[in-house]
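J.: Structure below; questions to follow.
The values are calculated or read from the model by the stated rules, or taken from the named source; none is laboratory data. Predicted, not measured: the structure shown is a model, and the values here were computed from it. Backbone-built Cβ (ideal geometry, glycine too); neighbour counts: all protein chains shown.
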Amino acid sequence: MKKTKFFLVLAAALLAGYGYAAEMVWDFSKNSYPLEMMKNGKSSSVQNGLLMVGGGSNTSPEGIRSKEIAKELSPEGDLSITIRFKLDNAQLDKMPQKTLLMLADCKGELWPPVSRKDAVAHSGFGVGIYRKSNRTWDPNFFFGYGDHSYSVIAPSIEIPDENLHTLTCCYFMRGEVQILFDGRLILTKSVPAGKIASPKYPFFIGERASASFWCLEGAIAEVRVDMPKPAPLTMVTGARNVFERTETMNYHVKILNQTGEKATVQVKLAIAGQNLNPVTLEIPKYSTEKAAFVLPDRLRPGKYIVTASAKSTNMADEAKMSTEIVVVAEENPEAMPVFMWQGGDPKLLAEMGFTAQIATLSDAYVTGNGNPEASYAVLDDNLRYGIRLADLLRHAQINVFLDRFSRVNRQGKVYPRRNLDASNPELRKMASEVATRAAAAYGDHPGLTMLMVSTEIRDGSQIAFNGTEAAEYRKFSGKDIPDNALGRSAPPVEEIAGFPALGNLDPEMPLYGFFRWWWVDGDGWNPLHRLVQESYRKGLGKRADQVLTFFDPSVRVPPIFGSGAGLDMLNQWTYSYPSPIKIATAVDEQRAMARGNGGQKLMKTVQAIWYRDPPAPKNKQVANPPAWVKEYPDAAYITIAPDHLQESVWSEISRRLDMLSFHGYGSLVDRDDRSWNSYRFTNPESKVMFKKLVDTLIRPLGPVLKLVPERPMRTAVLYTLGSNLFGSTGSWGWTWGADAEMHQLLQRAQLDPGVIFDEDIFAGRLASVKLLALPNCAIMDQRVIEAIWKFQDAGGLVIGDGDLNPLILPDFTVEYGGVEEAKALYQKLGAVVPSYFAAISPEVATHVRSWKKSDYLFAINDHRGFGDYVGMYGYAAEVGLPLQCKAKLARTDVKAIYDLMQHKEIPFAKQGNQCTWDINFTTNDGRLYLAMPQKIAKVTVDAPTETTLDKTLELTIQVLDARNKPVDAILPIEIRIHAPDDSEIVGSGYYAVTDGYKKLTILPSCNDVPGEWKIEVSDLAAGLTTSKTVTVK
């Protein structure tokens, strides 16, 4: 009993500071209830001082409820609800469908964004717990403000027993929620400030106030609701409480005048020992005004207590407030961003090394104005941990649009997979307005750095016979849509009258011409994406150039330029099985698309999930099933194997990218067994591997990896449009089919391939190509065929497969396969098309990037075996194995080769016209070597001997050879600057030095510790270091 009283006193203490507190207690040990209650189901009963609830399905009512709408539960200010309960774990083990247990509720509509606009959907409050695993639960607190709703999810709690436990949810009108479990504070979270609206439902205990009821399986001993009466003057925090160090920190507090007369109020605020100039407000009765302050510039990253007071000059009332704000460092613009293509706990993501994730901020603005404070709260919660957000516009998936603007077929029926008629003028107008409205509401927050204009929509795009597309095509071509154009793909060639027997397409062929138009702009999606981008930037105003726009999956289309054209960046998702080197194939497909779109930035997403089938088919029995099968027998998606993840990262970073991305929060970051999540956390070692890759590869070398350009292609794989439309579908972004198989075969054969499209040939981009591979090229544009004839006449070599157009005679023919086929091809072509850089093994993929005369040499071990994770099924070889091989580089002017992972020079030999050295892989990871015609002799740093905190600190870093000449390369360096208290100064981190010289400006924080600052610079190629001391006053 003493413990119970402690929790109740604690909840009351959290809400202290007001006059009297309205207390309402349902004590089942005394059958004492403040409201008249009634049974709502069959099973509920009071036994031994406990309300027993359970035994029913999710849709059957089993708790109790007040007879009338619970108007008494209408808080004038703050609110807390405390519930003492216990679970029937034995019964829950039999009911896996019970993923949510409601403890108390007078809200009904729980999950924002609530689509309904009426006050019934946005009033009252509720408390429940979500099942994360058999004994692990996530407390949830739901509440409505009258015109919008909000929900808070607390960190997981363990309930392994059937003892009584206490859950307390506290709502503070100032804009904060605290959740306690068994007296322990487990969550403090910023939420929109304001008052919880009066309930429109009765008060339900042990179930939800609306179907489905999600009743408890267990018992409740007591429910207590505390609602303190607000003081005449009340202060609450403003919309933002987390700031970036270099932004203008506009901070405000809200003053609520809850008296019946006008108040003149002076507001004072202090932070970090500074008293800011007071603000005087005239506040009408029962009204709220904002007091705006600008916090000191350049505060050192950390947490700060803001104290504020509001004193009325015409009454005795005074309000005081003390709250915390957080200041975070600005992003290092040279760092490689690491994006979680999903949403999750920002603290966990930051600990793993992620820098950004997705949020659906704009959803609330689709049918209304949304609530900027709710959006700011989400942005704040992420920025607090250094996580920036990509706003996902979901007009393509929201029924408000789909119900009105879905594409129809020639018969006027909506396609089974609904997809928007993106050319519809009314849809375009609505999508434009939503984008502008959303960006204007929260776009000034520095935590918003990206916009995903939509996702996974061109997969389901079909010809829209609603009217607009036909009119647009007639305007473009002067023709009608061909009668035999029925969907996204052409009919079988035998059904196309006059189709050329030799597969040489006339560019004027009506169906071919139509599809070339439709897949670029004709289906309306690319124009709509550009409109959405323009509209969103209009709403962003001054921050328009600070938010990157992108679309994905960008190459899940036939090989023709235009997908995502006009946006800042393209992204594509790829699974790693059966071989992770296919990740490089996907990047090269993206590079081709971006090249045709004017050279966009590139992001690459590695799927951290695996479809369970084929790596570990559910219907296949094995003698020694892995441990995760017992825990997740019905898993549809499992975690990528750690060694597959490792090799996938090496495969993607071998190509120049602007951002790395990973999908699958529930498989990679944290266990999540909620009913709507189908990703299973089946291999915790993958999480460990990810952190290792971030710490040892992505962070230290990221600035260099972003900068070093690609070399002109010597070996190109043609993805031709003709066969992809009329013949055997190629990769279409899935990295399967002959197109992708050829690319992976050439990787293993040390030929370092790239990808080109037909338009590359039209643009004359075969000039650097020596070897042209033609997979899946039975049907080709006549212009492409003629260009290939000219390429061969000029000495170019052609590789074909068994499906090559008969008008082209290949110099070599290949059969697709793995190691042996690659080995044979290497031996066949080695003398004819010698590799510039090769690792003499068909199980090693190589790639070269170059800057001036410095070569960046990637070698990736693809030698793997079957392990105990999924290997017993015999499909995915998931364990990296050791491999030794010889590397050779076809140049002799090399003076030094550096291992950029080991940060040291390696020995090599010169043999004839090449350099050679040994590579010893211990697993399927990678190597990155830097071959240079100069040796790094020293690294220097120059800085003023003295400076002050109010000035920038200018550093000059040089990397020099033995002649004191700058080294012509892009080199990785690490800079660490420490104040006398050993705190690290903002600006410390990893950078790239180009051509031996770098000027770096450090902006001190206004409250950094003055004194002797030590600057340490490390060259991460040769491993050299230097240091300097600066006196800061």
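J.: Looking at THR952, THR922, can you tell me which residue is among the β-branched types (Val, Ile, Thr), under 32 Å from the mean Cα position of the chain (by Cα), surrounded by fewer than 16 Cβ atoms within 10 Å (Cβ to Cβ) and modelled with pLDDT of 95 or more?
T.: Just a single option satisfies the conditions, and that option is THR922.
J.: Separate question: Testing GLY412 on (1) part of a helix (DSSP H, G or I); (2) out of contact with any His (no Cβ under 8 Å at 6 or more places or on another chain), one condition comes back false. Which one is that?
T.: It is condition (1) that GLY412 fails.
J.: Please work out if SER554 is hydroxyl-bearing (Ser, Thr, Tyr) and surrounded by fewer than 17 Cβ atoms within 10 Å (Cβ to Cβ).
T.: no
J.: Something else: Can you confirm whether the range 621-629 contains a residue that is more than 21 Å from GLU685 (Cβ to Cβ) and crowded, with 22+ Cβ neighbours inside 10 Å? Before you say what the answer is, go through the steps one by one.
T.: Quick first cut of the range 621-629, residues more than 21 Å from GLU685 (Cβ to Cβ) only: 621, 623.
Remaining after also requiring crowded, with 22+ Cβ neighbours inside 10 Å: none.
No, the range 621-629 contains no residue that is more than 21 Å from GLU685 (Cβ to Cβ) and crowded, with 22+ Cβ neighbours inside 10 Å.
J.: From the set of residues in the range 393-427 that are of a type in the set (D, E, K, R) and within 21 Å of THR360 (Cβ to Cβ), which is modelled with the lowest pLDDT?
T.: ARG394
J.: With respect to HIS978, is the statement that it is crowded, with 16+ Cβ neighbours inside 10 Å, modelled with pLDDT of 95 or more and on the phi > 0 side of the Ramachandran plot true?
T.: no
J.: Answer yes or no as to whether LYS618 is without any contact (Cβ under 8 Å) to a residue 60 or more places away in the chain and under 19 Å from the mean Cα position of the chain (by Cα).
T.: No.
J.: Out of (1) at pLDDT 90 or above; (2) closer than 20 Å to PHE203 by Cα; (3) surrounded by fewer than 24 Cβ atoms within 10 Å (Cβ to Cβ), what's the single condition that is false for ASP88?
T.: The failed condition is (2).
J.: Further, regarding this structure: Being among the charged types (D, E, K, R) and farther than 30 Å from GLY41 by Cα is the filter here; which residues of the range 217-238 pass it?
T.: Hit for the range 217-238 is LYS229, nothing else.
J.: Given the criteria within 19 Å of LEU949 (Cα to Cα) and either of a type in the set (Gly, Ala, Ser) or in contact with a Gly (Cβ under 9 Å, 6 or more places away or on another chain) (or both), does ALA308 qualify?
T.: When the stated conditions are applied, ALA308 does not pass them.
J.: Residues being part of a loop (DSSP other than H, G, I, E, B) and within 16 Å of ARG224 (Cα to Cα): count how many of those fall in the range 76-94.
T.: Here the count works out to 1.
J.: Separate question: May I ask you to list the residues in the range 359-412 that are among the aromatic types (Phe, Trp, Tyr), closer than 16 Å to PRO346 by Cβ and surrounded by 20 or more Cβ atoms within 10 Å (Cβ to Cβ)?
T.: Across the range 359-412, the qualifying residue is only TYR376.
J.: From (1) modelled with pLDDT under 95; (2) surrounded by 16 or more Cβ atoms within 10 Å (Cβ to Cβ), pick out the condition that doesn't hold for GLN827.
T.: (2)
J.: Evaluate the range 721-736: report whether one residue or more is crowded, with 21+ Cβ neighbours inside 10 Å, touching a residue at least 40 places away in the same chain (Cβ under 8 Å), farther than 28 Å from GLU495 by Cα and not β-branched (Val, Ile, Thr).
T.: The answer is no; no qualifying residue exists.
J.: What pairs come out if I take residues in the range 253-275 that are among the small types (Gly, Ala, Ser) and pair them with residues that are modelled with pLDDT under 90 and not in a strand (DSSP E or B) whose C-beta lies under 7 Å away, six or more apart or interchain?
T.: Every condition considered, the pairs that remain are GLY260/LYS285; ALA263/ASN314; ALA263/MET315.
J.: While we're looking at this one, here's another question. Among the residues of the range 376-408, write down those that are of a type outside the set (Val, Ile, Thr) and part of a loop (DSSP other than H, G, I, E, B).
T.: ARG384, TYR385, GLY386, LEU393, ARG394, HIS395, ALA396, GLN397, ARG407
J.: Does PHE213 meet the test of being at pLDDT below 95 and over 25 Å from ASP78 (Cα atoms)?
T.: Yes; evaluated as a whole, the condition is true for this residue.
J.: Would you pick out the residues in the range 564-589 that are under 21 Å from the mean Cα position of the chain (by Cα) and either part of a strand (DSSP E or B) or among the hydroxyl-bearing types (Ser, Thr, Tyr) (or both)?
T.: Answer for the range 564-589, where residues must be under 21 Å from the mean Cα position of the chain (by Cα) and either part of a strand (DSSP E or B) or among the hydroxyl-bearing types (Ser, Thr, Tyr) (or both): MET569, LEU570, ASN571, GLN572, TRP573, THR574, TYR575, SER576.
J.: Filter the range 266-291 down to residues that are on the phi < 0 side of the Ramachandran plot and within 38 Å of the chain's Cα centre (by Cα), then give me how many there are.
T.: 7
J.: Residues to consider are LYS475, LYS479, LYS429; find the one that is under 29 Å from the mean Cα position of the chain (by Cα), exposed (fewer than 15 other Cβ atoms within 10 Å of the Cβ) and free of Cβ contacts under 8 Å to residues at least 40 places away in the same chain.
T.: Selected residue: LYS429, the only one of LYS475, LYS479, LYS429 that is under 29 Å from the mean Cα position of the chain (by Cα), exposed (fewer than 15 other Cβ atoms within 10 Å of the Cβ) and free of Cβ contacts under 8 Å to residues at least 40 places away in the same chain.
J.: Output the residues belonging to the range 873-905 that are modelled with pLDDT of 95 or more, among the aliphatic types (A, V, I, L, M), in contact with a Phe, Trp or Tyr (Cβ under 8 Å, 6 or more places away or on another chain) and surrounded by 15 or more Cβ atoms within 10 Å (Cβ to Cβ).
T.: ALA877, VAL879, LEU883, ALA887, LEU889, VAL894, ILE897, LEU900
J.: If GLU176 passes every condition in (1) surrounded by 23 or more Cβ atoms within 10 Å (Cβ to Cβ); (2) charged (D, E, K, R); (3) touching a Cys at 6+ places or on another chain (Cβ under 9 Å) but one, which one does it miss?
T.: (1)
J.: Report, by residue number, each residue of the range 639-683 that is farther than 30 Å from ARG595 by Cα, crowded, with 23+ Cβ neighbours inside 10 Å and of a type in the set (Gly, Ala, Ser).
T.: Hits for the range 639-683 are ALA641, SER667.
J.: When the residues of the range 590-620 are filtered to those that are assigned to a strand (DSSP E or B) and either in contact with a Lys or Arg (Cβ under 9 Å, 6 or more places away or on another chain) or not aliphatic (A, V, I, L, M) (or both), which remaining residue is nearest to PHE681 (Cα to Cα)?
T.: Per the stated criteria, the residue is ILE609.
J.: Please go through the range 800-834 and pick out each residue that is part of a helix (DSSP H, G or I) and small (Gly, Ala, Ser). Show your work before the answer.
T.: Taking the range 800-834 first, the residues part of a helix (DSSP H, G or I) are 819-829.
Answer for the range 800-834, where residues must be part of a helix (DSSP H, G or I) and small (Gly, Ala, Ser): ALA822, ALA824.
J.: Considering only residues that are closer than 30 Å to ARG428 by Cα and among the aliphatic types (A, V, I, L, M), which ones fall in the range 491-529?
T.: Result: LEU511, VAL520, LEU528.
J.: Given the structure, is SER74 of a type in the set (Ser, Thr, Tyr) and surrounded by 17 or more Cβ atoms within 10 Å (Cβ to Cβ)?
T.: yes
J.: Only one of these is farther than 30 Å from ASN399 by Cα and in contact with a Leu (Cβ under 6 Å, 6 or more places away or on another chain): LYS30, LYS67, LYS86. Name it.
T.: Of the residues listed, the single one that is farther than 30 Å from ASN399 by Cα and in contact with a Leu (Cβ under 6 Å, 6 or more places away or on another chain) is LYS86.
Residues are listed down the side, and each one gets a yes or a no for (1) surrounded by fewer than 22 Cβ atoms within 10 Å (Cβ to Cβ); (2) without any contact (Cβ under 8 Å) to a residue 60 or more places away in the chain; (3) farther than 16 Å from THR720 by Cβ:
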| position | (1), (2), (3) |
| --- | --- |
| ALA767 | yes, yes, yes |
| GLU786 | yes, yes, no |
| VAL798 | yes, yes, no |
| ASP803 | yes, no, no |
| GLY818 | yes, no, yes |
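J.: A follow-up question, please. Check off (1) surrounded by fewer than 21 Cβ atoms within 10 Å (Cβ to Cβ); (2) in contact (Cβ under 8 Å) with a residue 24 or more places away in the chain for LEU528 and give me the number that stays unchecked.
T.: All conditions pass for LEU528, except number (1).
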